[in-house]
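A quick write-up on the structure given underneath.
Just so it is clear, none of the values below were taken in a lab; they were calculated from the coordinates. It should be emphasised that the depicted structure is a prediction, and the values quoted were computed from it without experimental measurement. When we count neighbours, we look across all protein chains shown, and the Cβ atoms used for this are built from the backbone with ideal geometry, even at glycine.
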Amino acid sequence: MESPENIDQNQAPADQVAAEKAVDIKAADDKTAASPAVIDQVTTPDPDPASTPAPTSTPAPAPTPAPKRRRWLEISGLVSALLIVGLVAIYQEVENQPYKIYSDAKLVPPTSVAIVFGAGIGSREFKDRISTAATLYKLGKVKKLLMTGDNGHLSYNEPQAMKDEAVRDGVPAADITCDYAGFRTYDSLYRAKEIFEVRQAVLVTQRYHLPRAMFLAQKLGLEVTGVDAGIQSYGSIQSWYDFREILAAETAWLDVMTDHKPKFLGKKEPLFPPGENGK
């Protein structure tokens with residue numbers, strides 16, 4: 001049996017170790033107790049709701065058209081396509097006939113009368129048409145000039161202005177007739193046949209206008225040739241003339257198909273005695 005002295009000596013180191021462990025445990029507990037304060041100091045503060053961007057949302061898909069609406073859209077698309085095809089076909093019919101069009105007045109076959117279409121008084125187009133008609137007359141290609149244009153107002157008289165210009169160019173006034181109700185190309189040609197009893201003629205106007213004029217003349221029963229009166233350039237307005245002819249061709253076709261009547265007709269005023277001008 002060990003003596004008490006020996007036991008105390010052996011036990012002393014164990015007691016010292018236990019005491020040190022107790023100190024370490026207490027220190028750890030103290031540190032753990034202090035950690036919440038530290039955590040509180042570094043915790044991220046709550047964001048301000050006003051400064052937080054709203055979450056983006058994916059746009060809802062477009063609603064599918066109802067069956068009736070979809071059917072209506074299909075029908076509308078088909079009708080539009082057919083309309084465009086029809087308009088193009090009409091324009092091609094008016095523009096692409098085998099017309100006899102001359103660019104040189106010297107080459108125009110002789111005939112009885114030149115039908116000269118009105119243009120804005122004093123314009124380049126106006127002057128070129130009158131000059132070309134006067135050249136035809138002086139060359140002996142025609143016997144008379146029929147000046148057809150707008151006289152819808154007392155202050156505006158295209159046919160008279162055309163006649164005055166032709167007289168200045170050397171055409172005798174006696175060989176010039178005025179049609180004061182030629183408000184449109186269709187009216188001018190319809191009246192040329194029905195009022196002035198023209199059967200054969202050369203049409204005097206610019207190239208862009210000639211196909212439509214000749215289409216109408218032939219559909220109305222006139223035997224015609226055409227001469228291009230485009231002596232000079234007309235600048236940027238030429239684009240407008242070309243575009244306008246696309247729309248005017250549709251109107252011309254409708255006039256023929258519906259046998260449209262001019263605004264004014266009146267009594268007959270033959271340009272030639274019976275037996276002349278193809279009668």
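Miscellaneous remarks
- Among beta bridges from DSSP that stay inside the range 101-257, the antiparallel ones total about 10%.
- Length gained when the stretch residue 123-residue 101 is fully extended (0.36 nm per residue, less Cα-Cα span): 5.6 nm
- Estimated vicinal HN-Hα couplings, Hz - the range 227-232 in sequence order (Karplus 6.51, -1.76, 1.60; Gly, Pro = x): 10, 6, 9, x, 6, 10
- Unsatisfied cross-links (Cα-Cα over 19 Å) in the set 106/144; 143/163; 141/267; 127/268; 138/268; 127/219: 141/267; 127/268; 138/268; 127/219
- In this structure, residue 194 and residue 71 have a Cβ-Cβ separation that, at R0 = 35 Å, corresponds to a calculated FRET efficiency of about 0.10.
- Global form of the range 101-257, assessed from the alpha-carbon gyration tensor, a/c cut-off 1.5: rounded
- Length released on extending from residue 154 to residue 84, taking residue separation times 0.36 nm less the Cα-Cα span: 21.1 nm
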